[in-house]
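Single-structure report; data block below.
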Amino acid sequence: MSALRVIIIGGGIVGTACADALLRSGHHITLVESDTLGSGATAAGMGQIVALDGSPAELALTAFSQRLWDELVRHSPHIHEHHPCGTIWVASDAEELALAAQKIPIYAAAGLQAELLDDVALARHEPQLRPGYPGGLRIPGDSVVYPARTAAWLWQGVAAHGGQLITAQAVALRPHGVVLHDGRVLEADVIIIANGARAVDLDPHIPIRAKKGHLAITDRYPGFLNHQVAELGYVKNAHLADVDTVSFNVQPRATGQLLIGSCRQFDDVSPTIDPHMLARMLQRCSEFLPALAHLSILRVWTGVRAATPDGNPLIGPHPHIPGIWLATGHEGLGITTSLGTAQLLSAMIDHTTPAIDVTPFLPSRYLHAEESR
Ligand SMILES: Cc1cc2nc3c(=O)[nH]c(=O)nc-3n(C[C@H](O)[C@H](O)[C@H](O)COP(=O)(O)OP(=O)(O)OC[C@H]3O[C@@H](n4cnc5c(N)ncnc54)[C@H](O)[C@@H]3O)c2cc1C
């Protein structure tokens with residue numbers, strides 16, 4: 001296929017992954033970023049590369065993307081601060097442990113290893129957990145990266161092959177075009193909206209709501225945890241609509257620091273720390289890891305996830321505006337699914353067969369004909 005002119009709006013992990021994939025397909029890339037690369041949700045998040053089975057579509061996309069990350073980091077893990085720590089999902093009671101057991105064949109069918117832990121094995125893997133939990137589910141293939149570095153690294157590769165970076169804010173869309181804040185209009189064969197939660201600024205019909213999260217990072221406590229450790233109820237909490245939620249989710253960084261999450265607040269895009277929400281989050285985590293309450297926290301920050309109603313991202317052509325494509329709505333999984341998103345979008349643009357079924361991700365599931373303007 002002949003080389004296309006591609007403009008990507010947003011230089012987070014999703015936009016830079018799309019830039020990399022489409023450059024590799026032989027296209028000409030321009031990236032429009034209003035701030036610094038990777039400064040949005042990409043810098044704010046936990047950086048966990050996690051396979052999740054919330055739905056068959058979610059498992060297919062996260063498993064596919066995890067394989068792409070493993071391949072990406074294989075030759076230079078230090079560039080991405082890759083830490084292959086795995087995840088342990090802690091069961092709070094026998095019912096949750098039974099649910100965890102049901103997940104093992106589901107993960108196996110997706111080519112992923114999963115191990116059921118009883119109480120003794122759980123305590124052996126993570127001695128800091130409060131005694132009394134009946135067990136958990138260990139996913140050894142999950143890992144952690146520092147995605148802002150990966151975004152910068154991906155863009156460096158594109159720029160070295162002619163990619164052009166324009167520092168500007170996109171303010172409106174046209175068929176095959178984008179208007180910048182200074183009045184310039186850029187035109188291209190393909191324009192990709194990859195500006196995360198702010199996609200709605202460009203088209204208010206895009207079904208995305210902001211979900212704010214708080215994170216805290218401690219001083220260095222090497223060996224405190226061996227895995228990223230989270231409660232099994234996390235996924236259920238994460239998808240609860242219209243309710244602010246907190247969940248236990250703590251990650252050991254390669255530096256020995258602990259990254260503490262997580263919480264979700266709807267429709268709040270302010271960077272302000274909410275002391276009440278932060279206190280609830282720390283309290284929840286200390287219930288699982290009592291010694292956490294005695295560690296020093298160095299810094300606290302927030303970030304905004306872009307949530308769709310069904311929790312799946314929007315990947316594919318805009319049904320009404322010719323030449324506009326979407327790569328947004330990745331909620332709390334956009335680091336993981338960025339590489340898969342880029343491959344799927346690139347296959348659709350090039351009319352080749354995508355590696356997995358794209359139907360659950362197509363924007364046309366929400367942007368119906370009656371909304372055309
Ligand atoms: C607290 C928290 C924890 C998380 N933890 C994880 C995790 O462990 N694992 C995981 O997989 N995911 C996680 N996520 C989700 C993940 O961070 C996001 O899904 C992902 O970063 C989205 O990337 P993005 O490139 O779409 O958006 P962003 O990183 O937000 O990038 C969008 C870019 O677009 C730019 N931009 C915005 N508007 C415009 C405009 N009009 N014109 C030009 N540029 C514009 C912004 O400056 C920004 O650089 C977490 C998110 C949060 C908030």
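The values are calculated or read from the model by the stated rules, or taken from the named source; none is laboratory data. These figures come from a predicted structure and were not determined experimentally. Glycine gets a Cβ as well: all are built from the backbone with ideal geometry, and neighbour counts include every protein chain shown. Only protein heavy atoms, including side chains, enter the accessible area calculation; ligands, DNA and RNA are left aside. Shrake-Rupley method; radii C 1.70, N 1.55, O 1.52, S 1.80 Å.
For this structure, a couple of remarks:
- In the set 75, 28, only one residue is open to solvent by 20 Å² or more (accessible area, probe 1.4 Å), closer than 23 Å to residue 322 by Cα and out of contact with any helix residue (DSSP H, G or I) (no Cβ under 7 Å at 6 or more places or on another chain); that residue is 28.
- Hey, residue 349 touching an Asp or Glu at 6+ places or on another chain (Cβ under 8 Å), among the hydrophobic types (A, V, I, L, M, F, W, C) and farther than 13 Å from residue 61 by Cα or not: no
- Residue match in region 207-225 (condition: closer than 26 Å to residue 134 by Cα and surrounded by 20 or more Cβ atoms within 10 Å (Cβ to Cβ)): yes
- Listed by position, the strands (runs of 3 or more DSSP E) inside region 158-204 whose residues that are closer than 20 Å to residue 36 by Cβ number at least 2 are 164-167, 170-174, 177-180, 190-193.
- The one condition from (1) within 13 Å of the ligand (Cβ to nearest atom); (2) out of contact with any Asp or Glu (no Cβ under 8 Å at 6 or more places or on another chain) that residue 185 does not meet is (1).
- Test result for residue 367, more than 19 Å from the chain's Cα centre (by Cα) and over 21 Å from residue 25 (Cα atoms): yes
- Applying the condition of being in contact with a Cys (Cβ under 8 Å, 6 or more places away or on another chain) and of a type in the set (A, V, I, L, M) to region 244-275 and asking which residue is nearest to residue 215 (Cα to Cα) yields 260.
- Residues of region 30-78 classified as within 15 Å of the ligand (Cβ to nearest atom) and not in a loop (DSSP other than H, G, I, E, B), total: 24
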